[in-house]
Every structure is written in C-alpha cells, then in structure tokens.
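Please find one structure pasted underneath; my questions will follow.
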Amino acid sequence: MDYLKTVVPSQLTAERGPNLVVINPGSANIRIGLATHDTPFNIPHCIARYTSQVPKKNVQDQMLNSQITTAQHMEREKAYDIIASLLKIPFLDEEVANNSFPRKMGRVDGYNPHNNKKETAFTWTDVYEKEPNSSLPLGSSINEGVANESLDQHEGSSSKELISSKLKFRQFIFGEEALRISPTEPYCLRRPIRRGHLNISQHYPMQQVLEDLHAIWDWILIEKLHIPLNQRNMYSAVLVVPDTFDNREIKEMLTLVLRDLRFSSAVVHQEGLAAVFGNGLSTACVVNIGAQVTSVICVEDGVALPTTEKTLPFGGEDISRCLLWTQRHHQTWPQIRTDILTKPIDLLMLNRLKETYCEIKEGELDAVTVVHSYEDGLPAGSHKTRLTALNVPPMGLFYPLLLVPDVYPPPPRSWFHDYEDMLEDTWHLDFPRRSDISDGLYPGMNVGLPMWDTYPVFTARPKKEEKVGVAEAITSSILSTGRIDLQRKLFCSIQLIGGVGLTSGLVPAVEERVLHAIPSNEAIDTVEVLQSRTNPIFVSWKGGVILGILDFGRDAWIHREDWIRNGIHIGNGRKYKDSYFLQAQAMCYINS
C-alpha cells in the first residue's frame with residue numbers, strides 16, 4: 001500500500017496493464033481489450049456455425065413471442081399519441097397529405113458530416129475459405145476460418161467452378177460478419193447472451209451456449225488481441241459482468257475464463273460498479289441502457305447497494321424496432337421486406353439509422369436518407385426516402401408500451417442441473433456461508449457469497465424485471481435507499497451509460513422526467529445527469545481496467561488451479577478494507 005500511495009497511474013498501467021485482459025460481455029456486443037488500450041474491441045456477441053443440414057431457421061434463439069396482440073397494438077398507439085402530445089407533433093390518426101411541404105426537416109440532411117459513411121450499404125459476408133484443410137481442433141479451425149480471401153475478385157462462371165473445386169464453407173464466422181450472412185447460406189446464427197442472461201432454452205442447451213461463448217472469446221483473443229492459448233497463463237482477466245447476471249451465470253463465466261480459456265487468474269466486478277470507477281466517481285445512480293436490457297443501480301462510496309437494483313426488459317434494439325414500426329405506420333418505409341428476426345443484417349441497418357437520425361426534441365423531426373433492402377443474397381438495393389417522427393422511438397424509454405419488446409422467457413430451473421459440473425465432488429457437501437470472494441464479486445454486497453443454486457441467495461435476491469419507464473425506475477431506485485442526504489446526492493449524480501446514452505436530447509429528457517416522477521412529499525427539487533468523461537459505451541470496461549490495475553495483487557483474485565480444484569475456497573477476509581483509498585486512487589487515475 002505504501003507503494004501505491006506514491007506511484008503514478010501511468011506507471012501502474014505500464015507495469016500491470018500489458019498482461020491484463022478486461023472482458024465486458026453484453027447481450028448484443030462484447031467489449032474486450034488489454035488494460036493498456038484506450039478503447040476495447042466492440043464486437044457483436046454472436047457466432048454463425050456452418051450446418052450441413054437445412055436449418056428450420058437460420059437464427060437460433062429462444063422461443064420468443066414476436067407477435068403483437070391487439071391489446072398491445074392499442075397500447076402502443078395510445079403511447080404514441082401521448083408522446084406526440086408532449087413533442088407537439090401530429091397524432092397517429094391525423095392524416096397528413098403527402099404533398100404537405102411545411103413539415104420541419106431535420107438538419108441531418110447535409111449537416112451531418114458522417115452521412116455519406118452512414119448511408120453506405122452493408123455487403124453480404126463471404127462464407128467461403130480457400131484450400132480445404134484437414135480437420136483441426138476447435139481453436140485452430142477458428143483461426144483458419146477467418147483467414148479467407150474475398151470472392152469479389154472472381155467473376156463470371158469461373159467463380160462457380162472455383163467455388164466447387166477449391167473453396168469450402170467456413171466452419172465458424174463471428175461478430176458483424178456473422179450478422180451479414182445471407183439467409184440462403186447454410187449457417188445457423190447463435191447469440192449466447194440474450195436480454196441480460198445466458199440464452200438457454202430447450203432449443204439452445206446450456207452446453208451449446210457455453211461452447212459458443214468459448215469459441216467467440218477464443219477467436220477474439222487470438223485474432224484481435226493476438227494471445228494464443230499457450231501464452232494465456234501469463235495473463236489475468238477482469239470480468240465486468242452485467243448487473244442482470246445471477247450467481248450461477250457468473251460461476252460459468254469464471255469457469256470459462258479460468259478452465260477453458262486458461263487465464264492464470266481472474267476477478268469479477270459488477271458492471272454498474274465498474275461504471276462509477278470508469279468515470280472517477282464515488283457515488284452515483286448508474287443507468288445502463290444496453291441493446292436489449294436497461295439496468296439501474298445506486299452506488300455509495302464505491303459500494304453497490306443491492307436493494308436499489310432495477311431491471312427493465314428493453315434497450316437500444318427495441319428503439320430500432322420501434323423506428324421500423326413508426327415508419328411503416330406512416331407509410332414512409334419503402335416497399336421492401338425488412339425482417340430483423342430472419343435477417344440480422346436488417347437490424348444492423350436499423351441500428352445505424354437510429355444512431356444517426358433519432359434524437360429527443362420537440363417539433364416534427366424528419367430526414368431524407370437512403371434505406372437499403374437485402375434480398376436473398378442479392379446486392380443491397382438503395383431506396384431514398386423521407387423518414388418521419390424520428391423523435392418518437394427514443395421516447396419509448398419513458399413509455400415502454402411503445403416498444404413492445406419481444407418476450408424471452410427465463411431459462412427453465414432445470415438448466416441449473418443439466419450440466420456435468422467440474423466441481424462434482426463438492427456439489428453435495430454442506431458448505432458454511434463464506435466471505436471468500438464476496439467483495440471480489442460485488443464489493444460491499446453479500447450477493448457474491450454463494451455461487452451454487454443450493455444456496456438461499458436465489459430467493460434472497462430475485463432478478464425481477466420492472467414494467468415501468470426509465471424515469472420511474474431511476475426514481476424508485478434512489479428513493480429505496482431511504483436516506484434523504486443520500487437521495488439528494490444520487491438525484492444529482494445520475495450516470496447514463498450504454499450506447500443509447502449517446503442519443504441527442506436524452507440527458508435533459510431524463511432530468512425533466514425524473515424530476516416530475518419524484519413524489520411531491522419528497523424534499524428533493526434538483527435532478528442532474530452527470531456528463532460522462534468516457535464514451536458511454538466503454539465506461540464499464542474502463543472501470544474494469546482501473547479496478548484491475550489498482551487491485552492487482554489482492555486476495556479477491558481467483559487463481560486457475562484453486563478454482564479448478566476447489567471452486568470458491570476458504571481464504572482470509574477478501575475485502576476492500578481500504579475502499580476509500582482505492583476510490584481516491586481511481587479518481588487520481590481518471591483525472592491524470
């Protein structure tokens with residue numbers, strides 16, 4: 001500790017960063033990089049596997065309810081009209097003549113310097129590789145699969161002959177490339193994490209989920225970070241896990257990192273807590289608006305408060321889906337088959353349109369843009385059109401009935417028992433409650449004490465989803481602390497993270513709606529969203545970097561041999577006894 005009091009952050013980074021991998025897995029994307037990197041790789045969290053059989057559907061997910069009922073449709077239209085009233089735009093049933101020109105056009109059309117880049121079409125992924133090789137182990141075949149050459153150079157009939165004679169299908173395709181595979185190709189796309197949990201169902205067993213996670217992470221480590229399997233014993237991993245994960249899921253992640261990927265040691269931190277460190281704060285209400293789930297949790301003096309946690313079953317992808325519904329309802333969407341369930345490339349396009357044009361502001365917000373169609377592996381078609389009501393979809397964060405998220409049922413309880421666990425010998429033993437890695441998992445919280453479902457933690461801390469908007473969730477989370485001094489501090493220290501946090505106009509909208517959501521009998525009259533010092537997408541990852549560097553030699557770290565042999569084993573009070581000093585170090589680090 002005396003050394004830490006004198007060392008400068010850059011020196012710590014130089015000494016400890018090169019051998020520290022920080023992993024922040026999410027439902028739609030995984031952020032992973034070395035602690036010495038300024039920003040991590042941000043890669044779609046998916047894998048497409050070649051299949052010799054004709055798949056029933058080319059996207060393998062949980063059985064989801066994507067059909068909107070009549071009641072949901074009526075609720076959605078009602079929510080739209082409420083938002084239209086607030087934003088001073090026409091209601092859904094107000095007919096606007098096609099030739100009515102006086103609508104305000106957004107300045108996007110020539111003002112945004114990224115327009116040309118944003119409107120370029122995606123291309124279908126080349127699914128072939130050259131020169132078939134002999135069968136290789138999983139790790140090796142992954143490497144071979146990504147080292148392919150484009151077929152663009154082969155034209156005419158000779159290309160078909162070349163395909164049949166010299167090329168074969170790539171066995172695995174990862175990341176955005178996997179999302180851009182044509183539905184006509186013999187591949188099955190899998191997303192191992194969905195809506196904040198492992199994507200386990202009767203159609204996607206846990207063993208397959210874990211195999212896919214291993215394949216994706218191994219590919220990233222080899223191809224992006226250039227860390228082969230035989231060198232990983234020289235690296236440690238910081239796992240920044242979503243707040244929605246339960247303890248069994250965290251345990252599986254640790255097993256993946258230590259046993260399968262072969263890191264020498266690992267430590268786990270909660271995403272919301274890491275976000276506070278990532279922005280150099282000590283106390284904040286962290287609102288993480290991800291692609292598929294939104295979570296809220298309050299942190300006081302570097303300690304997460306478990307009773308304040310809220311989970312909302314919607315995120316950025318639901319805003320993109322709402323954008324499509326809005327345009328179709330206004331008949332501004334081209335007559336093309338856009339289907340985000342069977343063609344993930346369409347979701348990529350919608351996400352890009354949302355990020356470019358959607359914002360929260362009063363008045364009619366239109367923009368002329370190019371929409372692309374992707375049909376049966378053909379080159380993308382271009383359709384110039386005027387999108388309208390672009391300020392409505394992001395307002396779904398406050399009126400979730402507008403979004404109508406797809407319903408993903410939780411994993412069946414049986415999935416806790418259908419896996420041959422590596423810790424069989426310890427499975428049925430009567431363990432006492434321990435404080436081994438409680439603060440290594442969640443500093444200040446006892447939810448990290450047990451890791452198996454035989455412990456009472458599952459009933460003590462259920463993962464419930466709230467059916468409210470973001471403003472109500474924030475207000476409820478903060479007020480649940482029960483202390484007026486802390487409540488006032490938290491209402492003035494709201495932190496928005498996740499990709500949706502970049503939405504223009506979101507900050508004042510959150511401040512205004514949270515202020516109105518506070519009951520009149522509460523003595524609170526100020527709400528403030530703090531400006532993020534780091535890109536909101538990477539704040540939690542950056543916090544994991546800081547925690548990993550500052551906390552490198554402490555007892556909270558779990559070593560590979562110990563985990564494989566004993567799982568959670570007895571140790572000496574693995575706690576942050578000097579958490580205030582650690583917090584000061586974090587602020588020193590971020591401000592340097």
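The values are calculated or read from the model by the stated rules, or taken from the named source; none is laboratory data. Because the structure is predicted, anything quoted here is derived from the model rather than measured. Heads up, the Cβs are rebuilt from the backbone with ideal geometry, glycines too, and the neighbour counts pull from every protein chain shown. Heads up: the accessible areas ignore ligands, DNA and RNA and are worked out on the full protein's heavy atoms, side chains in. Shrake-Rupley method; radii C 1.70, N 1.55, O 1.52, S 1.80 Å.
Round to the nearest 0.05 the FRET efficiency obtained for ASP525 and LYS467 when R0 = 22 Å and r is the Cβ-Cβ distance.
On the way: r = 28 Å, r/R0 = 1.27.
That gives a FRET efficiency of 0.20.
Let me ask you something else. Give the accessible area for TYR399 in Å² (nearest 10); use a 1.4 Å probe, count only protein heavy atoms, and leave out ligands, DNA and RNA.
Counting only protein heavy atoms, the figure is 60 Å².
Taking 7 Å along the Cα-to-C-beta vector as the label spot, tell me the ASP562-ILE68 distance in nanometres, rounded to one decimal.
So the label points at ASP562 and ILE68 sit 5.2 nm apart.
Another question about this same structure. Of LYS354/LYS489; LYS361/LYS384; LYS251/LYS489; LYS224/LYS343; LYS224/LYS384; LYS168/LYS224, which sit over 30 Å apart, Cα to Cα?
Violating the 30 Å limit, Cα to Cα: LYS354/LYS489; LYS251/LYS489; LYS224/LYS384.
Solvent-accessible area of HIS330, probe 1.4 Å, all protein chains present, reported in Å² to the nearest ten, please.
60 Å²
Under a point-charge model restricted to the Cβ atoms of Lys and Arg (+1) and Asp and Glu (-1), what is the dipole moment magnitude of segment 173-224 relative to its Cα centre, in debye to the nearest 20?
280 debye
With a 1.4 Å probe and all protein chains in place, put ASP93, ASP243 in order of accessible area, largest first.
Descending order: ASP93, ASP243.
Run the 1.4 Å probe and let me know the accessible area of VAL529, rounded to the nearest 10 Å².
Its accessible surface works out to 10 Å², give or take rounding.
Here's a follow-up. How far, in nm, would the chain grow between HIS226 and SER476 when pulled straight, counting 0.36 nm per residue and subtracting the alpha carbon separation?
So the extension gain works out to 85.5 nm.
Only residues of segment 330-360 count here: report those whose backbone N is under 12 Å from the spot 7 Å along Cα→Cβ of GLN53, or say none.
none
Put ASP525, ASP366 in order of accessible area, largest first, 1.4 Å probe: what do you get?
ASP525, ASP366
Leaving out ligands and nucleic acids, note down the accessible area per residue over segment 232-309 with a 1.4 angstrom probe, in whole Å².
Here the per-residue accessible area is 16 Å².
Then there's this: Students sometimes get this wrong: rank THR70, THR125, THR342 by accessible area, probe 1.4 Å, all chains present, largest first. Present the calculation step by step, with values, prior to reporting the outcome.
Working: THR70 105, THR125 15, THR342 55 Å².
Largest to smallest exposure gives the sequence THR70, THR342, THR125.
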